[in-house]
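Visitor: One structure follows; several queries about it will come next.
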Number of protein chains: 2
Amino acid sequence: MSDARSAPVYGGESLLFLTDEQLRQGIEAMFFAYRGFTADPDRILAEMAYGRAHHRAIHFINRAPGTTVNNLLSILGVTKQSLNRVLRTLIADGLVESRVGTVDKRERHLFLTDAGRALETKLSDAQRARMRAAYKDAGPEAVAGFKQVLEAMMDTSMQRSYRNLKDGPT
Amino acid sequence: MSDARSAPVYGGESLLFLTDEQLRQGIEAMFFAYRGFTADPDRILAEMAYGRAHHRAIHFINRAPGTTVNNLLSILGVTKQSLNRVLRTLIADGLVESRVGTVDKRERHLFLTDAGRALETKLSDAQRARMRAAYKDAGPEAVAGFKQVLEAMMDTSMQRSYRNLKDGPT
DNA sequence: CAGTTTATGTCAGTCTTGTTGACATTCCAA
DNA sequence: TTGGAATGTCAACAAGACTGACATAAACTG
């Protein structure tokens, strides 16, 4: 499995793209690209007292307004205690509003305030600008491949979250 | 710039893939995929007293044996204090060897020991297995697009690091 | 050779963000 | 109605990032 010479086998098509060296390059590409991916919002967040965790919470609350803490938890993949600390500061700072559920009073439904939406836009704009440049640079076919590989890299539970957000819950 | 209706403009080809919604999907895909990307090594590392920082150091030392601390620093993009803490434990645990430079005695050249290489292989295998599955699933054309977009997402300094590792230093 | 720069390492302190444990509230079903 | 399950909160702690200050040794420069 870790054979550096892992034989490029030929079936219907060349499998040279599955050599360990190719895979290693993909791993390094992911590493470096993710740094670029987060760099711009990180710069903005650093000026305020916020971090990447705040960005993620804001992003997904914006994406699915009224979502519950539990739902957000499963999307973000952190513990509720960790998320709660972030939410507490966002609520205290008036960026997020937490409303007690009407049908189930244990649940809290989360919404961005106007100020929260303003920050979301600022962060999103920065991140999308880089994304747009990369997309434009690579072209639509490359983008299709990009998404295809990323989706195949996810756990099935994440694929479900991803598709739910993409297509809307069924 | 944050106009959700950002006009799909038509030039020589459709630019529908550059809508804010498409970019947002790409952002979320990166987020979820990166979790999958790190999940397997993280599980292994958690069993030992190590974290993702140790993995990164081990990966790049393996990739460029004899590299100096400073060089590793610029690849990883962390502070020397942060890297030093990680290296200290890896050296103490006998996974990494630090040799004083022969031509410049200020420099320390870093190498994996046999034990270090063994761990590297274990971590790499896990990560490559997922990568291989994703690649196989998506096919060679998608993989080409995947790499193209990732590379376009990097800062130029990271692109340089990435290409150096890929093609070997000129 | 003296002074400056470079490469590395260390100590101390802080911040973000993850963790576990304990607990309060609410809902639901036996 | 009572006990368990679900939801969310608070407290304490750990990993790993950061900055700043400083020490040492070697290399370079004028």
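Visitor: Within the stretch A:49-66, track down each residue that is more than 8 Å from DNA strand C (Cβ to nearest atom) and closer than 16 Å to residue A:93 by Cα.
Guide: Hits for the stretch A:49-66 are A:57, A:58, A:61.
Visitor: Residue check, residue B:110 against (1) within 13 Å of DNA strand D (Cβ to nearest atom); (2) under 25 Å from residue A:35 (Cα atoms); (3) in contact (Cβ under 8 Å) with a residue 12 or more places away in the chain; (4) more than 14 Å from every other protein chain (Cβ to nearest Cβ), all met but one. Which one?
Guide: (1)
Visitor: Please verify whether residue B:150 is on the phi < 0 side of the Ramachandran plot, in contact with a Ser or Thr (Cβ under 6 Å, 6 or more places away or on another chain) and surrounded by 20 or more Cβ atoms within 10 Å (Cβ to Cβ), treating the condition exactly as stated.
Guide: no
Visitor: Related question: Condition test on residue B:31, is it under 28 Å from residue B:133 (Cα atoms), open to solvent by less than 50 Å² (accessible area, probe 1.4 Å) and in contact (Cβ under 8 Å) with a residue 40 or more places away in the chain?
Guide: No, not satisfied.
Visitor: Of everything in the stretch B:115-127, what is more than 7 Å from chain A (Cβ to nearest Cβ) and open to solvent by less than 20 Å² (accessible area, probe 1.4 Å)? Give them in sequence order.
Guide: B:116, B:119, B:120, B:123
Visitor: For the stretch B:76-98, which positions are in contact with a Leu (Cβ under 8 Å, 6 or more places away or on another chain) and more than 9 Å from DNA strand D (Cβ to nearest atom)?
Guide: B:87, B:95, B:96, B:97, B:98
Visitor: Tell me which of these residue B:77 doesn't satisfy, since it passes every other one: (1) within 11 Å of DNA strand C (Cβ to nearest atom); (2) at pLDDT 90 or above; (3) of a type in the set (Gly, Ala, Ser).
Guide: Failed condition: (1).
Visitor: All but one of (1) of a type in the set (D, E, K, R); (2) within 26 Å of residue A:39 (Cβ to Cβ); (3) open to solvent by 80 Å² or more (accessible area, probe 1.4 Å) hold for residue B:130; state the number of the condition that does not hold.
Guide: The one condition residue B:130 does not meet is (3).
Visitor: Here is a follow-up. So which of B:99, B:132 ends up being under 16 Å from residue A:26 (Cα atoms) and basic (Lys, Arg)?
Guide: B:132
Visitor: Continuing with the same structure: Give the stretch B:86-110 a look and list any residue that's open to solvent by 60 Å² or more (accessible area, probe 1.4 Å), within 8 Å of DNA strand C (Cβ to nearest atom) and out of contact with any Ser or Thr (no Cβ under 8 Å at 6 or more places or on another chain), or say none.
Guide: Result: B:88, B:106.
Visitor: Applying the selection to the stretch A:77-88, what residues are touching a helix residue (DSSP H, G or I) at 6+ places or on another chain (Cβ under 7 Å) and in a helix (DSSP H, G or I)?
Guide: A:80, A:83, A:86, A:87 - these are the residues of the stretch A:77-88 that are touching a helix residue (DSSP H, G or I) at 6+ places or on another chain (Cβ under 7 Å) and in a helix (DSSP H, G or I).
Visitor: Note down all Cβ pairs under 6 Å where the first residue falls in the stretch B:75-98 and is away from chain A (no Cβ under 14 Å), the second is near DNA strand D (Cβ under 8 Å from one of its atoms), and they're at least six residues apart or on different chains.
Guide: From the stretch B:75-98, the pairs are B:86/B:53; B:86/B:54.
Visitor: Would you mind finding the one in B:53, B:57 that is open to solvent by 30 Å² or more (accessible area, probe 1.4 Å), outside any loop (DSSP other than H, G, I, E, B) and either within 9 Å of DNA strand D (Cβ to nearest atom) or within 14 Å of another protein chain (Cβ to nearest Cβ) (or both)?
Guide: The unique qualifying residue is B:53.
Visitor: How many residues does the stretch A:145-161 hold that are more than 7 Å from every other protein chain (Cβ to nearest Cβ) and in contact (Cβ under 8 Å) with a residue 12 or more places away in the chain?
Guide: Qualifying residue count for the region: 1.
Visitor: If you don't mind, there's one more thing I want to ask. Determine whether the stretch A:133-144 contains at least one residue that is more than 7 Å from chain B (Cβ to nearest Cβ), small (Gly, Ala, Ser), part of a helix (DSSP H, G or I) and open to solvent by less than 30 Å² (accessible area, probe 1.4 Å).
Guide: There is no residue in the stretch A:133-144 that is more than 7 Å from chain B (Cβ to nearest Cβ), small (Gly, Ala, Ser), part of a helix (DSSP H, G or I) and open to solvent by less than 30 Å² (accessible area, probe 1.4 Å).
The values are calculated or read from the model by the stated rules, or taken from the named source; none is laboratory data. These numbers come from a predicted model, not from an experiment. Here the Cβ is made from the backbone with ideal geometry for all residues, glycine too, and neighbour counts use every protein chain on show. The area values use the complete protein model at the heavy-atom level, side chains included, leaving out ligands, DNA and RNA. Shrake-Rupley method; radii C 1.70, N 1.55, O 1.52, S 1.80 Å.
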